[in-house]
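Colleague: Take a look at this one; I'll ask things after.
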Amino acid sequence: MRKIDIAVVDYGMGNLRSVSKALEHVAPNKHVLVTSNPVDIANAERIVFPGQGAMPDCIRELDARGLRDSVIHAASNKPFLGICIGLQMLFEHSEEGDAAGLGLFKGTVKRFAAAEMHDANGAKLKVPHMGWNQVYQSLNQQSQAHALWSNIEDGARFYYVHSYYVQPDDLAIVGGYSEYPKRFTSAIAKDNLFAVQFHPEKSATAGLQMLSNFVNWLP
Amino acid sequence: MLAKRIIPCLDVTNGRVVKGINFLELRDAGDPVEIAKRYDEQGADELTFLDITASSDNRGLILHIIEEVAAQVFIPLTVGGGVREVEDVRRLLNAGADKVSINTTAVLNPQMVQDAASRFGSQCIVVAIDAKKVDNQSFEWEVFTHGGRKATGLDAVKWAEYMAKLGAGELLVTSMDRDGTKIGFNNPLNRAISNAVDVPIIASGGVGNLQHLVDGVKDGGADAVLAASIFHYGEYTVKQAKEYMQKNGIEVRL
């Protein structure tokens, strides 16, 4: 069987074509496989864990395919990139449908609060937060940005579409943040795991650079 | 902060990009894949493809075009035109669309909007509203369907609220009075809808110069502005449009 370089976890929620096409574009010599087979996830060198739609549905579909354990296991032992709901599901709990997540990280997934949705001039801010927003990179104790930010300008714009955001208890895992209008966590990083709220696969040059960084990442 | 988006729109029929005036008189503007790549290079924030093919024979063509664009252009792609059932939404998403725009079917069968949103998520469901000013005591703008040929009796602002409630993640508001006229967006219409809903709105119909884009955001309250002819025929590049908006105090991705 051909070696799987990157497995994109498919649990039946949404369109994974964009993610796999973008990975193939930055890594034309790698074997990218969209799969719902736990064996593939166990054998793959790297995992991309995307997600679209509502988090309770995503968790339900993940469980319906018996993928919970293989995703949790992969998140602990190989390069792992979560995208959008794939970030939110890593947490304990979401306000969306009052649902439990996978619980890999302490913290909650919260909805943008209606009362706060206006800019400095009082203009209404829409939900979902949809479009290109600046992402600021967190630095580690050695004042270095994470390897996945290599060759990406601090404050570069990425494409978002979401109504909920993660609020980790442990601020040490925050890998990046954005503002809408208040600051929210838009990336988390811990050991072999990196997860983002925005869509690198839809974020033009900056997004492709991040995917390329992930493909070459040796955590 | 979040940037206002510029979205070039490609009306596609029989595999070619075309542009009409007031929904009529089509003029050829080129190959969709080439045009999509050009706009991506110029910094377009998203692309919208409207399949205006009249016969069902050539409907499959749009899927091939989207597949080809999605393999080369890594920004959000919206596809609309002839979307009748949830299965059509699935087909377009599988071809590489990120959002699907629903227009006539939303009026004929609002339940389909709700079904599509609950199956694929609101983030990928756009409801397109074609509105026209009417002499009517109870409301100002009426929703039209079938490419603007059929009146519905629906108040465009109320309709927008209802569609957002059913799960539309975004609204594409086209002023039929302005489409193709190059005299600017219908900003009162856009402002009324933008104020009425929490979801983002895309202003469409009537752009003739770069000031119109600025007015669409400032006066119309649009979260994104859509234009076709000013870009297709090389009058302005997307980059020029963004620079102009930035100079006028609008946050854009440059």
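The values are calculated or read from the model by the stated rules, or taken from the named source; none is laboratory data. Note that the structure is a prediction, hence the values are computed from the model and not measured. Quick reminder, even Gly has a Cβ in these numbers, built from the backbone with ideal geometry, and neighbours come from all protein chains shown. Heavy atoms of the whole protein, side chains included, go into the accessibility calculation; ligands, DNA and RNA do not. Shrake-Rupley method; radii C 1.70, N 1.55, O 1.52, S 1.80 Å.
Colleague: Enter the buried accessible area of the A/B pair, total of both sides, probe 1.4 Å, in Å² rounded to the nearest 100.
Modeller: Numbers: alone 10240 and 11130 Å², together 18610 Å².
Accessible area lost upon association: around 2800 Å².
Colleague: Using only the Cα atoms of chain A, what semi-axes does the equivalent ellipsoid have when each is the square root of 5 times a gyration tensor eigenvalue? Give whole Å, largest first. Intermediate results must be reported in sequence, preceding the final value.
Modeller: Details: eigenvalues 137, 82, 51 Å².
In descending order the semi-axes read 26, 20, 16 Å.
Colleague: Turning to a different aspect of this structure: Mean residue ellipticity at 222 nm from the helices of chain A, using -39,500 (n - 2.57) per DSSP H segment of n ≥ 4 over the full residue count, to the nearest 500 deg cm²/dmol? Provide the component values of the computation, followed by the final result.
Modeller: On the way: 6 runs with 52 residues, N = 219.
The per-residue figure over chain A is -6500 deg cm²/dmol.
Colleague: Which number gives the lysine pairs in the stretch A:6-216 that have C-alpha atoms under 30 Å apart and are eight or more places apart or on different chains?
Modeller: 28
Colleague: Let me ask something else. With θ set to phi - 60° and the Karplus curve 6.51 cos²θ - 1.76 cosθ + 1.60, what are the ³J(HN,Hα) couplings of the stretch A:157-170 in order, to the nearest whole Hz, using x for Gly and Pro?
Modeller: The phi angles translate into 8, 10, 8, 10, 8, 6, 10, 10, 9, 8, 10, x, 5, 8 Hz.
Colleague: With a probe of 1.4 Å, find how much accessible area the stretch A:43-108 has per residue, and write the answer as a whole number in Å². Working shown, then result.
Modeller: Working: 2300 Å² over 66 residues.
The answer is 35 Å² per residue.
Colleague: Moving to a separate point now. Quick query: amide H of B:Val18 versus all other amide H atoms, modeled in the peptide plane; which residues come in under 5 Å with a sequence gap of 5 or more or a different chain?
Modeller: Under 5 Å from the amide H of B:Val18 lie the amide H atoms of B:Asp11, B:Val12, B:Thr13, B:Ala29, each far enough along the sequence or on another chain.
Colleague: Could you work out the relative contact order of the stretch A:6-216, using alpha carbon pairs under 8 angstrom and six or more residues apart, expressed as a whole percent? Write out the running numbers ahead of the final one.
Modeller: Values: 448 pairs, mean separation 43.4, N = 211.
Normalised by residue count, the contact order of the stretch A:6-216 is 21 percent.
Colleague: Could you tell me what percent of the DSSP beta bridges with both partners in the stretch A:6-216 are antiparallel, to the nearest 5?
Modeller: Working: 27 of 44 bridges.
Of the beta bridges lying entirely in the stretch A:6-216, close to 60 percent run antiparallel.
Colleague: Write out the GluC sites (Glu not before Pro) in the stretch A:1-77 meeting two conditions: DSSP loop, and at most 15 other Cβ atoms within 10 Å of their Cβ. Walk me through the numbers on the way to the answer.
Modeller: Numbers: sites: A:Glu24, A:Glu45, A:Glu61; in loops: A:Glu45.
Filter output for the stretch A:1-77: A:Glu45.
Colleague: Only bridges whose two residues both fall in the protein assembly as shown count here: according to DSSP, what percent of them are antiparallel, nearest 5? Show your work: numbers first, answer last.
Modeller: Values: 41 of 88 bridges.
Of those bridges, close to 45 percent are antiparallel.
Colleague: Would you kindly calculate the mean projected area, averaged across all directions, of the convex hull enclosing the Cα atoms of the protein assembly as shown, in square nanometres?
Modeller: On the way: hull surface 86.2 nm².
In nm², the orientation-averaged hull projection of the protein assembly as shown is 21.6.
Colleague: If you don't mind, another one. Taking 0.36 nm per residue of separation and subtracting the Cα-Cα distance, what length does fully extending A:Ala64 through A:Glu24 add? Provide the component values of the computation, followed by the final result.
Modeller: On the way: separation 40, 0.36 × 40 = 14.40 nm, distance 2.81 nm.
Gain on stretching A:Ala64 to A:Glu24: 11.6 nm.
Colleague: Okay, moving on. Say we join alpha carbon atoms closer than 10 Å with springs in a Gaussian network model of chain A; which of A:Ile41, A:Ile59, A:Ile72 then has the biggest fluctuation?
Modeller: Judging by the Gaussian network model, the answer is A:Ile72.
Colleague: Where both residues lie in chain B, what percent of DSSP beta bridges are antiparallel, nearest 5?
Modeller: Working: 14 of 44 bridges.
Percent antiparallel among DSSP bridges in chain B is about 30.
Colleague: Check B:Ile102: other-chain or 5+ apart residues with amide H under 5 Å from its amide H, H built from backbone geometry?
Modeller: Close amide H contacts, sequence-distant or interchain: B:Val126, B:Val127, B:Ala128.
Colleague: Residue-wise, which Karplus ³J(HN,Hα) couplings in Hz belong to the stretch B:203-210, taking 6.51 cos²θ - 1.76 cosθ + 1.60, θ = phi - 60°, and x for glycine or proline?
Modeller: Rounded to whole hertz, the list is 7, 9, x, x, 5, x, 8, 6.
Colleague: Apply the Karplus curve 6.51 cos²θ - 1.76 cosθ + 1.60, θ = phi - 60°, to the phi angles in the stretch A:110-124 and return the couplings in whole Hz, x for Gly and Pro.
Modeller: Karplus values, whole Hz, x for Gly and Pro: 10, 8, 4, 6, 3, 5, 9, 8, 8, 8, 4, 8, x, 6, 5.
Colleague: For the pair A:Leu171 and A:Asp154, how long in nm is the line joining their label points, each one 7 Å along Cα→Cβ?
Modeller: Label-label distance for A:Leu171 and A:Asp154, simple model: 1.7 nm.
Colleague: Which whole number gives the average, over all residues in B:76-82, of C-beta atoms from other chains lying within 10 Å of the residue C-beta?
Modeller: Across B:76-82, the average partner-chain Cβ count within 10 Å equals 2.
Colleague: May I ask you to compute the full-extension gain from A:Arg111 to A:Ala123, defined as 0.36 nm times their residue separation minus their alpha-carbon distance, rounded to one decimal in nm?
Modeller: Values: separation 12, 0.36 × 12 = 4.32 nm, distance 1.92 nm.
Net length gain for the segment: 2.4 nm.
Colleague: Do any trypsin sites (Lys or Arg not before Pro) in the stretch B:100-169 lie in a DSSP loop with no more than 12 other beta carbon atoms within 10 Å, and if so, which? Walk me through the numbers before you get to the answer.
Modeller: On the way: sites: B:Arg119, B:Lys132, B:Lys133, B:Arg149, B:Lys150, B:Lys158, B:Lys165; in loops: B:Arg149.
Of the trypsin sites (Lys or Arg not before Pro), the ones in loops of the stretch B:100-169 whose Cβ has at most 12 other Cβ atoms within 10 Å are B:Arg149.
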